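Report on the structure given below.
The values are calculated or read from the model by the stated rules, or taken from the named source; none is laboratory data. The shown structure was predicted, so the numbers you read here are calculated from the model rather than taken from an experiment. When we count neighbours, we look across all protein chains shown, and the Cβ atoms used for this are built from the backbone with ideal geometry, even at glycine. Ligands, DNA and RNA are excluded from the accessible area calculation, which covers all protein heavy atoms including side chains. Shrake-Rupley method; radii C 1.70, N 1.55, O 1.52, S 1.80 Å.
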Amino acid sequence: MSTVATTDPALTSKPSTRMSIRGRLQDALPKIVLAPSFLITVIFVYGFIVWTAYLSFTNSKTFPSYALTGSRAYQRLWRWTFESDPPSSWYTSITNMGIFGFLYIFICLGLGLLLAILLDQKIRGEGILRPIFLYPMALSFIVTGVAWKWFLDPGLGLEQTLHHFGWTSFHFDWIKNKDFVIYTVVIAGVWQASGFVMAMFLAGLRGIDGEIMKAAQIDGASPFQMYRRIVIPMLRPIFLSAFIVLAHMAIKSYDLVVALTSGGPGGSAWLPSNFMYEYTFKRNEMAVGSASAIIMLMTISAIIVPYLYSELREKGR
């Protein structure tokens, strides 16, 4: 006589059901954790971007106005773009942006690359020099601006110190000169960001295969030729990443200008971010301020979006 073992389907389905529910909860847990921050980002970042864009097409003054009036704010900015005699505040802002952005980005790239190459020579004291160069990036732009304001003040900083040492003919009043005050912003910005760029280039240099360098040396290439024909071309991704970061920082710079120059004599150190704040919150021209903010956003997007597209395209390959 044989017996056949039978199992109750209800008993076997319960453990599997429990495991499936548990697996679903584990899969959903990251989404549940990230949902609040995602929702906050959507509302308070992208939601307010849309709100700012909407205000730029209204006639908002001190308070928001909900009646659309077309592109009047953008038309005003377009007219002000070409008012150079006397210069409008917007003309001064975009001119300063061109000067500051160009010098800030390319001096930081050049100085950062030079410092990285020097540190890559395995010099003595590299462990001390590297954090010294990186330290300014740990400071806020407010701290940097205040420190350089004291240093560049003719009655308090460098000029006064050299006068005490007997060099009475030395004068350096750029911070109070409307034609040169924007260059003091460049000096402070380069001092703060060049160490960060150095760290990026140094990481790239340390990632280059040493066998390539040895092969170039065997072929008789000089150090200058190796850096010009081999090393620097291989650092192209680092150059691009550093350019994107620096361009983003340059366009949104606000606190450095305020802390260092308070806007400069007659607003001569204004950048578009200073123009946006001044017109939105002090001159009761919310629509114009919103339009300038959207222009800044489009400028940043024109730089970042192609970069992201190229990165995603390369990863797709």
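For the reader, a short list of remarks on this structure follows.
- In region 266-275, the count of residues that are open to solvent by 20 Å² or more (accessible area, probe 1.4 Å), in a helix (DSSP H, G or I) and out of contact with any Lys or Arg (no Cβ under 7 Å at 6 or more places or on another chain) is zero.
- Which numbered condition PHE172 fails, given (1) in a helix (DSSP H, G or I); (2) farther than 30 Å from GLY289 by Cα: (1)
Conditions tested, residue by residue: (1) farther than 21 Å from PRO87 by Cα; (2) out of contact with any Asp or Glu (no Cβ under 9 Å at 6 or more places or on another chain).
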{"residue": "LYS252", "(1), (2)": "yes, yes"}
{"residue": "LEU260", "(1), (2)": "yes, yes"}
{"residue": "GLY264", "(1), (2)": "no, yes"}
{"residue": "TRP270", "(1), (2)": "no, no"}
{"residue": "TYR279", "(1), (2)": "no, no"}
{"residue": "ALA293", "(1), (2)": "no, yes"}
{"residue": "SER301", "(1), (2)": "yes, yes"}
{"residue": "PRO306", "(1), (2)": "yes, yes"}
{"residue": "GLU311", "(1), (2)": "yes, yes"}
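- Residues satisfying the stated conditions in region 204-214, i.e. of a type in the set (A, V, I, L, M, F, W, C) and modelled with pLDDT under 85: ILE208, ILE212, MET213
- A single entry from LYS122, LYS61 fulfils the requirement of being in a loop (DSSP other than H, G, I, E, B), under 20 Å from TYR277 (Cβ atoms) and of a type in the set (Lys, Arg): LYS61.
- Among (1) open to solvent by less than 20 Å² (accessible area, probe 1.4 Å); (2) closer than 25 Å to TRP150 by Cα; (3) in a helix (DSSP H, G or I) - the single one ALA242 does not satisfy: (2)
- Conditions (1) outside any helix (DSSP H, G or I); (2) under 19 Å from LEU111 (Cα atoms); (3) hydrophobic (A, V, I, L, M, F, W, C); number of the one not met by ILE208: (2)
- Flag: VAL45 matches the condition of being farther than 21 Å from ARG283 by Cα, open to solvent by 50 Å² or more (accessible area, probe 1.4 Å), part of a helix (DSSP H, G or I) and modelled with pLDDT under 90.
- Scan region 72-116 for residues that are farther than 30 Å from GLY204 by Cα and either touching a residue at least 40 places away in the same chain (Cβ under 8 Å) or within 24 Å of the chain's Cα centre (by Cα) (or both) and the total you get is 13.
- Restricting region 164-175 to residues that are of a type outside the set (Ser, Thr, Tyr) and open to solvent by 60 Å² or more (accessible area, probe 1.4 Å) leaves a set whose member that is farthest from GLY264 (Cα to Cα) is PHE165.
One line per residue, one yes/no per condition, for (1) of a type in the set (S, T, N, Q); (2) open to solvent by less than 60 Å² (accessible area, probe 1.4 Å):
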site: ILE107; (1), (2): no, no
site: GLY110; (1), (2): no, yes
site: LEU119; (1), (2): no, yes
site: GLY125; (1), (2): no, yes
site: PRO131; (1), (2): no, no
site: LEU156; (1), (2): no, no
site: LEU162; (1), (2): no, yes
site: ASN177; (1), (2): yes, yes
site: GLY195; (1), (2): no, yes
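A quick yes/no check of all residues on (1) at pLDDT below 90; (2) crowded, with 21+ Cβ neighbours inside 10 Å; (3) farther than 25 Å from VAL50 by Cα; (4) touching a strand residue (DSSP E or B) at 6+ places or on another chain (Cβ under 7 Å):
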{"site": "VAL258", "(1), (2), (3), (4)": "no, no, yes, no"}
{"site": "GLY289", "(1), (2), (3), (4)": "no, yes, no, no"}
{"site": "VAL305", "(1), (2), (3), (4)": "yes, no, no, no"}
{"site": "TYR309", "(1), (2), (3), (4)": "yes, no, no, no"}
{"site": "GLY316", "(1), (2), (3), (4)": "yes, no, yes, no"}
